[in-house]
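Worksheet for the structure shown next.
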Amino acid sequence: MEYLPNIIFAILLIFGIGFFAKNVKKLRRNILLGKETDVSDNTSKRWGNMAKIALGQTKMVVRPVSGLMHVIVYVGFIIINIEVLEIIIDGLLGTHRIFAPLGSVYDFLIASFEILAFLVIVAVVVFWLRRNVLKLARFIKPEMKGWPKSDANWILYIEVILMGLFLTMNAADYQLQQLGAADYIQAGSFPVSQFITPLFDGMTASSVILIERTAWWLHIGGIFFFLNYLYYSKHLHILLAFPNTYYGNLKPKGEFSNLESVTNEVKLMMDPSADPFAAPAEDAAPPDKFGASDVQDLKWVQLLNAYTCTECGRCTSECPANQTGKKLSPRKIMMDTRDRLEEVGRNIDQNRGKFVEDGKQLLDDYISREELWACTSCNACVEACPVSIDPLSIIMDMRQYLVMEQSAAPAELNAMMGNIENNGAPWPFNQMDRLNWAKESS
Amino acid sequence: MNVPTMASLFAEGKQPEVLFWVGCAGSFDDRAKKITKAFVKLLNNAGVSFAVLGTEESCSGDPAKRAGNEFLFQMQAMTNIEIMNGYGIKKVVTACPHCFNTIKNEYPGLGGTYEVVHHTQFLKELVDEGKISLEGGTYKGKRITYHDPCYLGRANNVYEAPRELIKKLDAELVEMKNCKSRGLCCGAGGAQMFKEAEKGDKEVNIERTEQALEIKPEIIAAACPFCNTMMTDGVKNKEKEASVAVMDIAELLARAQDL
């Protein structure tokens, strides 16, 4: 019986991490449903981007208020994880505050965890107010109704609860240290929780131990719960921001990749020695589908983008189409891509590892044509994203599908393209008149 | 106006230093043609050895590509590349950020690699080299705001050359609340120029014009023929055309030199 808590803890740890690992595997499988793309270049530049953008939070602070608050929560999250390491070792070995022999270093660490925990609570309260009381425009857009809204609030509640439990645990510990309770060695410095400690005055040592143990177990249990909540939440960004910034686009934002399948055909067309009546070789692969109508047509980095999106809406708030009341919201493009990808993933799970046609696709069932055609390709969304997500590339790939596979461009664009084809300009002017301006008076 | 073509120079066995890629707007649009002429005057005045493709030039393919027609884009690109490579062109300057972006970034993968500069960058070089002198003070103290074209700014990180030229005019450069990397689009990009906007509660160019008028400029400087059209329409919509002019950077420089 003596080892019962250790055993329970070990089981909790194995299940907590095991279930998470299972979902990570699924996540990886879903992302790799996307098409291949070569991102093996410029490794040092990519590491640099990751260090700067994800680790260094450089794009977060473009908006100073939310940026600063985010940095607090982020630093809190990373630093307080050192404490989680101690909790795990204690849990497995049945020790108490195993890092305590570090002495003054330990005091300093615990003190900084406490201050950070307090700051995290403050930041989270500010975040909650911005969403629920101030109702900032980007948090109440149509795509944020329902689960996305409650998901955001749940994350905030969980964070407050975890920090609250951490401080309660320390406060009770501090009281027990002062009472001289067995096993509660003098260790740590409690600049924040010392203000909670007086609440325990007059309680017996055993009641305070009960409070301390309850807070300790709920805290670590909560952390395992939160870890597993990630996969079902927009909060995955705390992990995926790192690979996503690593694989982020390194080319100028205006450079859209040239479709290789098209290049081959155009070259053939322009080759005077090509046989116009040649039949394709019998073993020739069927030509690639042009553009994207579903998630499998996108590149895997675009699917990673979708899982990384934390729905902050900075893209949407900078989007000229969205600002002027059009349906397009770059954030919704990312959310739709993820939702459809999850649907495809569930389909694969239910059908023993094989996708069975479900009569749905990303185009029309999730993203409407009206949204796609409202884009000005201005790159404001790409610039705004703090974690290098590129919603524009998905919009452009879907336009390619509409135009090249379906001939479904708006009529005016068909007229424009007809003009380019016939007379080399988007307007119906004769190419032979191209230099007329030089003869006109200024 | 002295506008040599590549064909005529080639016939004389000459090779210009730079190809001026005029673009469709610069060739056909009445407003944009004025920008083209202003730029040519500046080139001639600075003694730059340049030529245009004239009737051999064709659409860069940008609007086709942004509309999703990769096929048409690559047809255009490869035809243009064949002509430019045929003339052995090394350097290209253009007053259209869309042509600039496409030729600079998307042509190399199709076999067309050139040094491509935007006309504001080229003019900045000429000023720095002393080939254009900006004296006279036509714009001294005037409030000028600069609208960043998306395909010059965000797309290619060119923010400073046009601004430095405005400062060289001794003008007071005032910035809109959204500028540089956070500049708001004029509404024409992504082939929107050629279609009606989707349903919404406002036109993008009106939103952008309001941002410009908020800071009470005398001149809205543009560096893209499409932005120019959108901002001009916006100013007209707000009935401010009598007090606020929309001008290209090249036009400002040409007028400052009395060209």
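A Förster radius of 41 Å combined with the Cβ-Cβ distance from residue A:68 to residue B:131 puts the calculated FRET efficiency at roughly 0.30. Within the set of other residues whose C-beta is less than 11 Å from the C-beta of residue A:299, count the net charge using Lys and Arg as +1 and Asp and Glu as -1. Around residue A:299, the surrounding residues sum to -4.
Relative to the current alpha-carbon distance between residue A:41 and residue A:283, full extension at 0.36 nm per residue lengthens the span by 83.9 nm. Global dimensions of segment B:175-236 from alpha-carbon coordinates: Rg and Dmax equal 11.3, 32 Å. Near the amide H of residue B:246, within less than 5 Å, lie the amide hydrogens of B:220, all on another chain or at least 5 residues away, with H placed in the peptide plane.
Scaled against the 2.2 N^0.38 Å expected of a compact globular protein of N residues, the Cα radius of gyration of segment B:100-144 reads 1.70.
In this rough spin-label picture, where each label sits 7 Å from Cα along the Cβ direction, the residue B:180-residue A:2 distance is 6.7 nm.
Over all orientations, segment A:59-117 has a Cα convex hull whose mean projected area works out to 4.7 square nanometres. Give the Kirkwood hydrodynamic radius (Å, one decimal) of segment A:50-92, defined as one over the mean of 1/r across all pairs of different Cα atoms. Roughly 11.6 Å, rounded to one decimal. When A:269, B:176 are sorted by how many other C-beta atoms sit within 10 angstrom of their C-beta, beginning with the fewest, the order is A:269, B:176. Here the Gaussian network model covers chain A, with springs between Cα atoms less than 10 Å apart; of A:279, A:215, A:425, A:279 fluctuates the most.
Each of A:416, A:206, A:300 was scored by the projection of its Cα onto the charge dipole of chain A, and the greatest displacement toward the positive side belongs to A:206; charges sit on the C-beta of Lys, Arg, Asp and Glu.
Relative to its residue count, segment A:267-340 spans a Cα convex hull of 167 Å³ per residue. Charge dipole (Cα centre; +1 on Lys/Arg Cβ, -1 on Asp/Glu Cβ; no other charges) of chain A amounts to roughly 900 debye. Charging the Cβ of each Asp and Glu at -1 and of each Lys and Arg at +1, and nothing else, the dipole of segment B:134-256 about its Cα centre rounds to 200 debye.
Restriction of the trypsin sites (Lys or Arg not before Pro) in segment A:134-188 to DSSP coil positions whose beta-carbon has at most 14 other beta-carbons within 10 angstrom yields A:135, A:145. The residues neighbouring residue B:140, those whose beta-carbon lies less than 15 Å from its own, together hold a net charge of 0 under the Lys/Arg +1, Asp/Glu -1 convention.
For chain B, modelled as a Gaussian network with Cα springs under 10 Å, which listed residue fluctuates most, B:163, B:31, B:182? Sorting by GNM fluctuation, first place goes to B:182. Protection proxy ranking for A:179-186, A:122-129, B:32-39, using the average of other Cβ atoms within 10 Å per residue and placing the highest first: B:32-39, A:122-129, A:179-186. What are the GluC sites (Glu not before Pro) within segment B:104-192 that DSSP puts in a loop, where the Cβ has at most 15 other Cβ atoms within 10 Å? Passing sites in segment B:104-192 are B:129, B:135, B:175. When chain A is treated as a GNM with alpha-carbon contacts under 10 Å, the residue of A:133, A:344, A:84 showing the greatest mean-square fluctuation is A:133.
Remark on segment A:180-299: hydrodynamic radius 22.5 angstrom, per the Kirkwood mean of 1/r across alpha carbon pairs.
Across segment B:6-124, the relative contact order, built from alpha-carbon pairs under 8 Å that are at least six residues apart, equals 28 percent.
Stokes-Einstein, applied to the Kirkwood radius of segment B:134-256 over Cα pairs at a viscosity of 0.692 mPa s and 37 °C, places its translational diffusion at 226 µm² s⁻¹. Backbone amide hydrogens, once placed in the peptide plane, bring residue B:92 within less than 5 Å of B:19, B:115, B:116, B:117, excluding anything fewer than 5 places away on its chain. By the count of other C-beta atoms within 10 Å, a proxy for reagent exposure, B:78, B:6 are ordered fewest to most as B:78, B:6.
Viscosity 0.692 mPa s, temperature 37 °C: give me the Stokes-Einstein translational D for segment B:1-151 in µm²/s, with Rh taken as the Kirkwood radius over C-alpha pairs. In µm²/s, the coefficient is 201. Compared with the dominant principal axis of the Cα atoms in chain A, helix A:411-423 is inclined by about 50°. 3J(HN,Hα) along segment B:245-259, derived from phi through the Karplus expression 6.51 cos²θ - 1.76 cosθ + 1.60 where θ = phi - 60°, amounts to 9, 9, 9, 6, 4, 4, 5, 4, 5, 4, 5, 4, 9, 6, 8 Hz, with x in place of Gly and Pro.
Listed values for segment A:322-328 are Karplus-derived 3J(HN,Hα) couplings in whole Hz (6.51 cos²θ - 1.76 cosθ + 1.60, θ = phi - 60°), namely 5, 4, 9, x, 7, 5, 4, and x replaces Gly and Pro. Its relative contact order, with pairs defined as Cα atoms under 8 Å and 6+ residues apart, puts chain A at 19 percent.
Extension gain, residue A:214 to residue A:251, is 8.1 nm, computed as 0.36 nm per intervening residue step minus the present C-alpha separation.
Taking amide H atoms as placed 1.01 Å from N in the peptide plane, the amide H of residue B:174 lies under 5 Å from those of B:144, B:145, B:146, each 5 or more residues away in sequence or on another chain. Shown here for segment A:289-334: trypsin sites (Lys or Arg not before Pro) in loop regions (DSSP other than H, G, I, E, B) with at most 16 other Cβ atoms within 10 Å, namely A:289. Across segment B:17-28, computed HN-Hα scalar couplings (Karplus, 6.51 cos²θ - 1.76 cosθ + 1.60, θ = phi - 60°) run 6, 9, 8, 8, 7, 7, x, 5, 4, x, 8, 10 Hz from first to last residue, x flagging Gly and Pro. Taking 4.7 Å between C-beta atoms as the pairing limit, chain B has these partnerless cysteines: B:24, B:59, B:179. Translational diffusion of the protein assembly as shown, estimated by Stokes-Einstein from the Kirkwood radius over alpha carbon pairs at 4 °C in a medium of 1.567 mPa s, is 45 µm² per second.
Convex hull volume of the Cα atoms of chain B, normalised per residue: 121 Å³.
Cβ distances below 4.7 Å define possible disulfide partners, and in chain A the cysteines left without one are A:309, A:312, A:319, A:375, A:385. In segment B:1-83, the alpha-carbon atoms span a convex hull of 99 Å³ per residue. So the label point goes 7 Å from the Cα of residue A:194 along Cα→C-beta, right? Which residues of segment A:87-118 then have their backbone N under 19 Å from it? Only A:103-118 fall inside the zone, counting backbone N under 19 Å.
Over segment B:162-237, Cα pairs under 8 Å with separation of 6+ residues give a relative contact order of 35 percent. Summed over all non-identical Cα pairs, the Kirkwood treatment of segment A:28-155 gives a radius of 18.3 Å.
All alpha carbon pair distances within segment A:107-185 were sorted into 5 Å bins beginning at 0; the resulting P(r) in whole percents reads 3, 14, 18, 17, 13, 11, 9, 6, 5, 3, 2, 0. With K and R counted +1 and D and E -1, the other residues having a Cβ less than 10 Å from that of residue B:55 yield a net charge of -2.
Between 0 and 90 degrees, the angle of helix A:4-31 with respect to the longest Cα principal axis of chain A falls at about 10 degrees.
Relative to the Cα centre, the charge distribution of segment B:18-148, modelled as +1 at Lys and Arg Cβ and -1 at Asp and Glu Cβ, gives a dipole magnitude of about 560 debye.
No value in this document is a laboratory result; all are computed from the given coordinates. In this text the structure is predicted, and so the values were computed from the model without any measurement. Note that we place each Cβ from the backbone using ideal geometry, even for glycine, and neighbour counts take in every protein chain shown.
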